[in-house]
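Throughout, read-outs are computed from the coordinates displayed, never taken from laboratory work. Every value quoted in this text rests on a predicted model; they were computed, and no experiment measured them. No Cβ is skipped: glycine too gets one built from the backbone with ideal geometry, and neighbour counts run over all protein chains shown.
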Amino acid sequence: MRPVAVAAFAQTTHTGHDTGLSEPELILPVIRAVREQSGLTEFGFTCSGSCDYLAGAPFSFVSALDALGAWPPIQESHVEMDAAFALYEAWVRLQHGDVDSALVYGFGKSSMGDLREIMTLQLDPYYLAPLGLDQLSYAGLQGCAVSSTTADIARRSWESAQTNPYALKLPEPVETAPITDGAAAIVLVAGDLLRERTNLAYINGIAHRIDPHYPGMRDLARSASAAAAATAAGVGEGPVDVAELHVQFAHEETILAEALGLSVDTVINPSGGPLAANPVMATGLIRIGEAAARVMDGTATRAVAHATSGPCLQHNLVAVLSRES
Amino acid sequence: MPSEPHPEINHVLEFPGGYTRSTGPVIGRFLTELRAGRIVGVRTAGRRVLVPPLEYDPATGEPVTDEFVEVGPAGTVREWTWVEEPRKNHPLDRPFAWALIRLDGADTALVHAVDAPVKAMRTGLRVWPRWRHDRVGSITDLECFVPEVTTIVANVRTEYTVTPGAALARYLDALTREVFLAGRCPSCESVYVPYRLSCPQCGSVIEEELEVGPSGTVTTFAINNLPDPRAPQVPFVSAYILLDGADTPIIALLGSVAAGEVTVGMRVRAVFEGGTVKWFAPEREA
């Protein structure tokens, strides 16, 4: 594989309410920040992750391009998913070898609608959506399947978030990720751009795997797809100092820690994780950014990032990052 | 950065009439059977039965066979979660459980609602479908599932003509005059109320009548949480009351006092109404 590294990461100071900024206004500062950090103003490839149902408007990602300045025309793509999956597409794009930089960003304003019911719209239209099965309900079914010390996970996440200036200022620990508005951006570099830079977090492995959609068709106490993605990404090939996991409900951390084979020595979600800030469609990308930041600031030699999509941890992406290519 | 109050508008995203979606032969068969009041699964090449049916085996990605199998209608609850405040688009408008239900004969679990009290919900609960009367070929043709029948209510009612007996008749007659009539045993000197003709301890015939009460002392009591038409409220208190001058307590309701304020040793006084004792109330100090 062609070496690819994270060269820059930025996120908004997330809020639990609508501050009055439009989506392009929300992403503008983080795009500016990663341009400054990376020293790049143009990118070989641009890919974003967002959800029209969050914005309540079709093709909402197109208007978000106004924050980039997409003229003359740029090579651009979009996933209707968390931007972690946009980063995967950008990583694949960089494997082609003809471009050396990619801008990835994600954004979402959950405050505008009813996130629990918006998540119903992602369910299959035959068997699940007509029941009105909402996000809290299907998470509750998975929570019933796993024995988990959720209060401990919630408290540790909350305590970790006290030193994260971008997280929400929650008065007490929560076991369900809070409604959040926010955005994040990452710059990936490859080829000659790697040699020009010293502070990089290399993506040593990245993979995503998916389980059957219907919750009744799988063992909800385990995540076979997260385990398969971790194996494919090479998580077990060395010690993991830090793991940033896309935990929207506290019990999911128990499932993911087992699936990724994390030891008790791994620090999970030192940022506080999604239980401290959950800007949907950017939350997974922020996991990669936070893991990369630990590598770049030297607090972690080897870090793991995880992102998820779909009901009950259906679809899981795992990346391994370190200073070494 | 604008942080001052900003204008807000309501915005509705709706596709008029909804999207028309093809079901394909597998999901279509399932929904057609539902409309007819049956639940079917589909058999995979590996002989497993998928409910609800999919076109492919999620374990292998291979197409399923064309063999449909009737399952259930009963099943067993596996995972479940409680909904205290249903949303407007939930199947039920009162608290209910979501559950993964393994229908009899199926190898996978169906997600649906269970209409049962939260106390009844548990992994392993047996449930049966409650069908909608007018079915259209939708997963919501199953209104929900409900627990198996494990209990019935057996009503008993029969009427009698009774007389109170000689001693009790005298006692009740005295009550109409707001008097508690007691009897003293000539042998052991125990004072019994209600008045009776013989001493239950020594068997002596009781001839001496005397009045006791109407005040007395609570010796023990119970808090009752089931409604009773004679009681002042729920919860209410029934108490043993040792009337002044008597050696045996009578049982009566307490009124004009909250259940939590009743104590053993409390002084109470009879409240008469309609020729009998309505209840006892705390004796108020003048």
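Some notes on this structure:
- Pairwise centroid distance, computed over Cα atoms, of segment B:144-180 with segment B:224-274, Å: 18 Å
- The HN-Hα couplings worked out from phi for segment A:276-290 by the Karplus form 6.51 cos²θ - 1.76 cosθ + 1.60 (θ = phi - 60°) are 10, 6, 10, x, 3, 5, 10, 4, x, 4, 5, 4, 5, x, 5 Hz, whole numbers, x standing for Gly and Pro.
- Ranked by the mean number of other Cβ atoms within 10 Å of their residues, highest first, the peptides A:220-228, A:112-120 fall in the order A:220-228, A:112-120.
- Neighbouring partner chain Cβ atoms per residue of A:210-216, average, 10 Å criterion: 6
- For segment B:163-212, diffusion coefficient by Stokes-Einstein and Kirkwood Rh (Cα), 20 °C, 1.002 mPa s, µm²/s: 200 µm²/s
- Taking amide H atoms as placed 1.01 Å from N in the peptide plane, the amide H of residue A:78 lies under 5 Å from those of A:48, each 5 or more residues away in sequence or on another chain.
- Chain B - Kirkwood radius from inverse mean 1/r over Cα pairs (Å): 26.1 Å
- Cβ-to-Cβ counts within 10 Å put B:32, A:12, A:19 in ascending order as B:32, A:19, A:12, the fewest first.
- Rounded to 0.05, the FRET efficiency of the residue B:230 and residue B:149 pair, given R0 = 45 Å and the Cβ-Cβ distance, is 0.85.
- Couplings 3J(HN,Hα) of segment A:310-316, computed from phi: x, x, 6, 6, 5, 10, 10 Hz, in residue order, whole Hz [Karplus 6.51 cos²θ - 1.76 cosθ + 1.60, θ = phi - 60°; x for Gly and Pro].
- Computed from point charges on the beta carbon alone (+1 for Lys and Arg, -1 for Asp and Glu), the dipole magnitude for segment A:206-259 about its Cα centre is near 240 Debye.
- Shape analysis of chain A based on the Cα gyration tensor places the equivalent ellipsoid semi-axes at 28, 23, 19 Å, largest first.
- Peptide-level mean, for B:130-140, of C-beta atoms on other protein chains within 10 Å: 1
- Compared with the direct C-alpha span, the chain from residue A:92 to residue A:162 gains 21.6 nm at full extension, assuming 0.36 nm per residue.
- Database remark: amide H of residue B:56 closer than 5 angstrom to the amide H of B:64 (H placed geometrically; neighbours at sequence offset of 5 or more, or on other chains; Pro and chain starts carry no H).
- 17 Å cut-off, amide nitrogen to a point 7 angstrom out along residue B:198 Cα→Cβ, residues in segment B:148-174: B:165-168
- Using the Karplus relation 6.51 cos²θ - 1.76 cosθ + 1.60 with θ = phi - 60°, the per-residue 3J(HN,Hα) values for segment B:112-120 come to 7, 8, 10, 8, 7, x, 4, 5, 7 Hz, with x marking Gly and Pro.
- Summed over qualifying helices (DSSP H, 4 residues or more, each -39500 (n - 2.57)) and divided by its residue number, chain B shows a 222 nm mean residue ellipticity of -2500 deg cm²/dmol.
- Candidate cross-link partners of residue A:169 among the aspartates and glutamates, defined by an alpha-carbon separation under 20 Å and a same-chain spacing of 8 or more, comprise A:18, A:152, A:159, A:181, A:244, A:290, B:4.
- Added length on full extension, which subtracts the Cα-Cα distance from 0.36 nm per residue, residue A:265 to residue A:299: 10.9 nm
- Sites residue A:129 and residue B:276 - FRET efficiency at Förster radius 51 Å, r taken between beta-carbons, to 0.05: 0.20
- Pairwise Cα inverse-distance average, inverted: Kirkwood Rh of segment B:171-286 (Å): 14.8 Å
- Calculated FRET value between residue B:85 and residue B:207, using beta carbons and R₀ = 60 Å, to 0.05: 0.30
- Taking the inverse of the mean 1/r over every pair of distinct Cα atoms in segment B:24-147 gives a Kirkwood hydrodynamic radius of 14.8 Å.
- With helices as the sole contributors, chain A gives -9000 deg cm²/dmol at 222 nm; each DSSP H run of n ≥ 4 counts as -39500 (n - 2.57), and the sum is divided by every residue.
- Per-residue Cβ neighbour rank within 10 angstrom, fewest leading, A:219, A:18, B:141: A:219, A:18, B:141
- Cα centroid separation - segment A:129-181 against segment A:282-309, whole Å: 19 Å
- Per-residue Cβ neighbour rank within 10 angstrom, fewest leading, A:211, A:265, B:228: A:265, B:228, A:211
- Residues whose placed amide H lies under 5 Å from that of residue B:196, excluding near-sequence neighbours: B:183
- Rg and Dmax of the protein assembly as shown, based on Cα coordinates, read 35.6, 120 Å.
- Once the Cα gyration tensor of segment A:62-147 is diagonalised, semi-axes √(5λ) in Å: 34, 17, 12
- Full extension of the chain between residue B:38 and residue B:247 gives 68.2 nm of extra length, using 0.36 nm per residue less the Cα-Cα distance.
- Positive dipole terminus of segment A:24-165, leading residue within A:127, A:145, A:160 (C-beta point charges): A:160
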